[in-house]
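Written below as structure tokens is the structure these notes are about.
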Amino acid sequence: MSVDQQHPDTVQSMPAELKVVEAGLKALWERARRTSEAIHGLRREKHELEAKVEELELETERLRQEMAKKEQRLRSIGASGDEAALKKAVLFANGEREAYAAKIKVLLAKLEAYL
């Protein structure tokens, strides 16, 4: 007695069962392939986004440094302006500035008269 003779139902039903298993494996393989492509795409996108983040961080740092330089420049201008105002106040106290300005205007008028 051969194997085929012992289980005639099994031999005839195997191709149908194999087809079902094969179809299931093909579906599984297709899902695995699509998943792999999705993972690959996500990794590529992640690298692109990381590069963009790094670029933006560098740009942010550059802008912060530029802003710090401008703030320092403004502080120095403000300080020198404060110093100049203080010097003016010390040099020309109690209306002396206006008196000198009036004398200068008189001198300029005399010069214009001579010309």
Exercise for the section: Grab the Cα-Cα distance for Glu45 and Val106, subtract it from 0.36 nm times how many residues apart they are, and report the gain in nm with one decimal. Expected result: 14.2 nm
Problem - At R0 = 35 Å, FRET efficiency that the Cβ-Cβ distance of Leu63 and Glu37 yields, to 0.05 - result: 0.35
Problem - Table column - 3J(HN,Hα) (Hz), the range 58-71, Karplus curve with 6.51, -1.76, 1.60, x for Gly and Pro - result: 5, 5, 4, 5, 4, 5, 4, 5, 4, 5, 4, 4, 5, 5
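Values in this text are rule-based calculations from the coordinates and carry no lab data. Just so you know, these numbers come straight off a predicted model, no measurement behind them. No Cβ is skipped: glycine too gets one built from the backbone with ideal geometry, and neighbour counts run over all protein chains shown.
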